[in-house]
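Remarks on the structure that follows.
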Amino acid sequence: RYEPSWDSLDARPLPAWFDEAKFGIFIHWGVFSVPSFGSEWFWWYWQKEKREPYVKFMEANYPPGFSYEDFGPLFTAEFFDPNQWADTLKASGAKYVVLTSKHHEGFTLWGSKYSWNWNAVDVGPKRDLVAELATSVRNRTDLHFGLYHSLFEWFNPLFLEDAINVFKTRKFPTSKSLPELYEIVMKYQPEIIWSDGNGNAPDTYWNSTGFLAWLYNDSPVRDTVVTNDRWGVGSICTHGGFYTCSDRYNPGHLLPHKWENCMTIDRRSWGYRRDAQLDDYLTIEDLVKQLVETVSCGGNLLMNIGPTHDGRIAVIFEERLRQMGAWLKVNGEAIYGTKPWRAQNDTVTPEVWYTFSPKEGQVNAIFLNWPISGTLELGEPQAKLGETQVKLIGYKELLKWVALGEKGIIIALPQLTPKQLPCQWGWTLQLTDIN
């Protein structure tokens, strides 16, 4: 059994499925999807920081005295089709999904008894959005279902009172945050608890270790659940399950601890923005590069989309998801279930990243640029004459190669027309019998 101490909790092995999965989809959806302007931090930027673009936006488009709470009933989700979402998630090649059950605005996407009249069952859609998505994902896909939950809430009076008392009182976590966490675990049995938003309070204020000890010892998901590292000031990148360290974290080198790169297709926002321009969205080339870099350095990629207030996954997001799925359909064996190799990227040719498939004992070299010369030089592999075989995933014949002394290999790529290429945006060479 795990004790409610970081020493004990940090010793828990991470359930193997998470490292094998490699790729998940993050979904930021909530009342902030109604103004869908600027950022999911809309309420804070408008009311607390009074940032000019937000203040002007409200003055120009809403009557005086309009409050953020008035957006609640406008969060309608009339086009939300959880089956369609599940099918799109499956088509992306992702192995898990993480939905924002509650962001810093405090609005819960399920009918929480601890969020009276500020939840999706009482206000807005009048639907349990968490339950509907969980059911569809479980019925139609093999994705692991996870939930994001914000510990703090910007404007909750109980939290603000605790903050004034320098967190010596604990009204908010005992009456709101912790009961919600127990509620979502018992009700929806998520296999990921993605915690966020420490509100500048320590983990002792949140009783994070107490909750995690229960989660790992006695909860219905104790054997399979994974957690992140955002459990109070000082815990990020040091305690918890996998490390996130910061948003859009991509160190570019191997880390000793399992980590996740959570990032957004829209460079500027996690929530949907009606004012986004095409340039604000990462291209599929950008996204494949992020995935390959992240996985070769031992991380998972959690790629975020922001649905609309009426429950649609915007077409640009759907296209990116399906493009990722098309790429993974060909190259998935160089991603899923792989381990980092002794070298993460190539020393001679840029934009070449390595993974290792332990079952097959093969090294995967994923290259993001098809060389004009028709030959690819790799500085890292040590090839063995008469033994080493080189294959291009999605192409039938073995490739010819020449060793370069002790280390390094030049590979002759097949001459293919764009239509004949096994895929776009990146290709994988499988090397067997490499020293």
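The values are calculated or read from the model by the stated rules, or taken from the named source; none is laboratory data. What you see is a predicted model; the values in this text were computed from it and never measured. Heads up, the Cβs are rebuilt from the backbone with ideal geometry, glycines too, and the neighbour counts pull from every protein chain shown. Surface accessibility is based on the protein's heavy atoms, side chains included, excluding ligands, DNA and RNA. Shrake-Rupley method; radii C 1.70, N 1.55, O 1.52, S 1.80 Å.
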Mean Cβ neighbour count within 10 Å, used as a protection proxy, ranking 139-148, 188-197, 257-266 highest first: 188-197, 257-266, 139-148
field: Peptides ranked, highest mean first, by Cβ atoms within 10 Å: ranges 414-424, 91-101
entry: 91-101, 414-424
statement: Sequence order, the stretch 288-293: Karplus ³J(HN,Hα) from phi using 6.51 cos²θ - 1.76 cosθ + 1.60, θ = phi - 60°, Hz rounded, Gly and Pro as x, gives 4, 4, 4, 4, 5, 4
- line: Given Cβ charges of +1 for Lys and Arg and -1 for Asp and Glu, the option among Pro422, Leu392, Ile410 whose Cα lies farthest towards the positive end of the dipole of the stretch 383-435 is Pro422
- request: Enter the angle in degrees (range 0 to 90, nearest 10) between the Cα long axis of helix 52-61 and the first principal axis of the Cα atoms of the chain, meaning the one along which they spread out most.
  value: 60 degrees
field: Radius of gyration and Dmax over the Cα atoms of the stretch 209-343, both given in Å
entry: 16.8, 47
query: Say the dipole of the chain comes from +1 at the beta carbon of Lys and Arg and -1 at that of Asp and Glu; which of Ala16, Ile316, Ala213 then lies farthest toward its positive end?
result: Ala16
field: Local electrostatic count, Gly232, Cβ distance below 12 Å [Lys/Arg +1, Asp/Glu -1]
entry: -2
task: Note down the magnitude of the dipole of the chain about its Cα centre, charges +1 on Lys and Arg C-beta and -1 on Asp and Glu C-beta and zero elsewhere, to the nearest 20 debye.
output: 380 debye
query: So what's the net charge close to Trp353: Lys and Arg +1, Asp and Glu -1, counting the other residues with Cβ under 10 Å from its Cβ?
result: -2
query: Ignoring ligands, DNA and RNA, what percent of the 1.4 Å accessible area of the chain is carbon and sulfur?
result: 52 percent
task: Grab the other residues whose beta carbon is less than 13 angstrom from that of Val292, score K and R as +1, D and E as -1, and report the net.
output: -3
- prompt: At Gln189 and Lys171, where each label point lies 7 Å from the Cα along Cα→Cβ, what is the point-to-point distance in nanometres?
  reply: 3.7 nm
- request: Return, in residue-number order, each cysteine of the chain whose C-beta is not under 4.7 Å from any other cysteine's C-beta.
  value: Cys262, Cys297, Cys423
task: Tabulate in residue order the Karplus-calculated ³J(HN,Hα) for the stretch 86-103, using 6.51 cos²θ - 1.76 cosθ + 1.60 with θ = phi - 60°, rounded to whole Hz; enter x for Gly and Pro.
output: 4, 5, 5, 4, 4, 5, 6, x, 5, 10, 8, 9, 10, 9, 6, 5, 7, 9
query: So how tilted is helix 129-140 from the main axis of the chain? Cα-based, degrees 0 to 90, rounded to 10.
result: 30 degrees
- request: Go through Val233, Ser296, Thr141 and say which Cα lies farthest out towards the positive end of the charge dipole of the chain; charges sit on Cβ, +1 for Lys and Arg, -1 for Asp and Glu.
  value: Thr141
field: Surface per residue (accessible, 1.4 Å probe) for the stretch 6-334, Å²
entry: 38 Å²
- request: Under a cut-off of 19 Å between alpha-carbon atoms, report the aspartates and glutamates in cross-link reach of Lys90, not counting same-chain residues fewer than 8 places apart.
  value: Asp19, Glu20, Asp81, Glu132, Asp142, Glu191, Glu318, Glu319, Glu333
query: Can you tell me the Rg and Dmax of the stretch 57-209, counting just the alpha carbons, in angstroms?
result: 16.9, 49
- line: With the 1.4 Å probe rolled over protein heavy atoms, the stretch 339-432 has an accessible area per residue in Å² of 54 Å²
- prompt: lysines near Lys113 by alpha-carbon distance under 23 Å, same-chain residues fewer than 8 away left out - which ones?
  reply: Lys102, Lys126, Lys171, Lys176, Lys187
task: Determine by what factor the alpha-carbon radius of gyration of the stretch 339-432 differs from 2.2 N^0.38 Å, reporting the quotient.
output: 1.01
statement: In the stretch 339-432, lysine pairs 8 or more places apart or on different chains with C-alpha atoms under 23 Å apart total 15
field: Degrees, to the nearest 10: 178-188 long Cα axis against longest axis of the chain
entry: 60 degrees
- request: For an R0 of 56 angstrom, estimate the FRET efficiency from the Cβ-Cβ distance between Gln84 and Thr432 and round to the nearest 0.05.
  value: 0.85
